[in-house]
Amino acid sequence: MKKLGFLLGVIAIGVGLTSFEWRYSLGLGDMAPLSDREMENVDGEMVTLNSELDENGLLVIFSCNTCPFVIGWEDQYPGLHEYARENGIGMVLVNSNERFRDGDDSMEEMREHYESAGYTCKYVVDESAALANAFEAQTTPHVYLFNSDLKLVFEGSINDKFENRDKVATQEWLRDAMSKLAAGQEDQIDPADTRQIGCSIKRN
């Protein structure tokens, strides 16, 4: 069943943050859409959600190069990737900012950002924001955790740190969800949907 997700309105000069409204998003228990759609990774490899699925599931995070919320959170990506691998969960970052494809979110800029930010997982371009549209993903970041059958078990935010790198997270929602998923306790994931906060995905 689809859930009604609340998106916080935010304003930031120069980065195109917008006010958000209530919208439906992919719901808990839903199958990952477009799981066989090929997307280009920063190394030129074509990957799909199916190809990145590991024994216990798959973590998908809609991300980008410039959003201050991403910049405030992205130092956690390598650690999340390692934690996901330890728990038999694949991980892929998806850039759906089609409006900026010829600028800050071009493949060339993605490759540079991948290196400078120290990413270790796949970072793919979502042409025409097709995957974001199918997911009804709204923000960067926007987190989706799927089980081994590619059914959604957790959605929303990484933790309660948000855009502040200096803040210490007190609620590690995503790590807790991954731990329970790997332990075969996905029905005990609580909360299973959290409020996602970030920049709007820049669709055309």
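Legend: ranking of residues Glu40, Glu98, Glu82 from fewest to most surrounding C-beta atoms inside 10 Å; resulting order Glu82, Glu40, Glu98. Rounded to the nearest whole Hz, the Karplus-based 3J(HN,Hα) values (6.51 cos²θ - 1.76 cosθ + 1.60, θ = phi - 60°) of the range 180-185 follow the sequence 5, 4, 5, 8, x, 10, with x at glycine and proline. Ranked by how many other Cβ atoms sit within 10 Å of their own Cβ, fewest first, the residues Thr194, Thr170, Thr139 fall in the order Thr170, Thr194, Thr139.
Ordering Cys67, Cys199 by the number of other Cβ atoms within 10 Å of each residue's own Cβ, fewest first, gives Cys199, Cys67.
Between Glu112 and Met46, the FRET efficiency estimated from the beta carbon spacing at R0 = 22 angstrom works out to 0.60. Calculated [222 nm] ellipticity per residue, helices only, for the chain: -6000 deg cm²/dmol; basis is -39500 (n - 2.57) per DSSP H run with n ≥ 4, divided by all residues, nearest 500. Here each label is just a point 7 Å from Cα along the line to Cβ, and for Glu86 and Gln188 those points are 1.8 nm apart. Between Ser63 and Val94, Asn95, Ser96, the built amide H atoms are under 5 Å apart, and every one of these is 5 or more places off in sequence or on another chain.
No value in this document is a laboratory result; all are computed from the given coordinates. Computed from a predicted model, the values in this text were never measured in an experiment. Glycine gets a Cβ as well: all are built from the backbone with ideal geometry, and neighbour counts include every protein chain shown.
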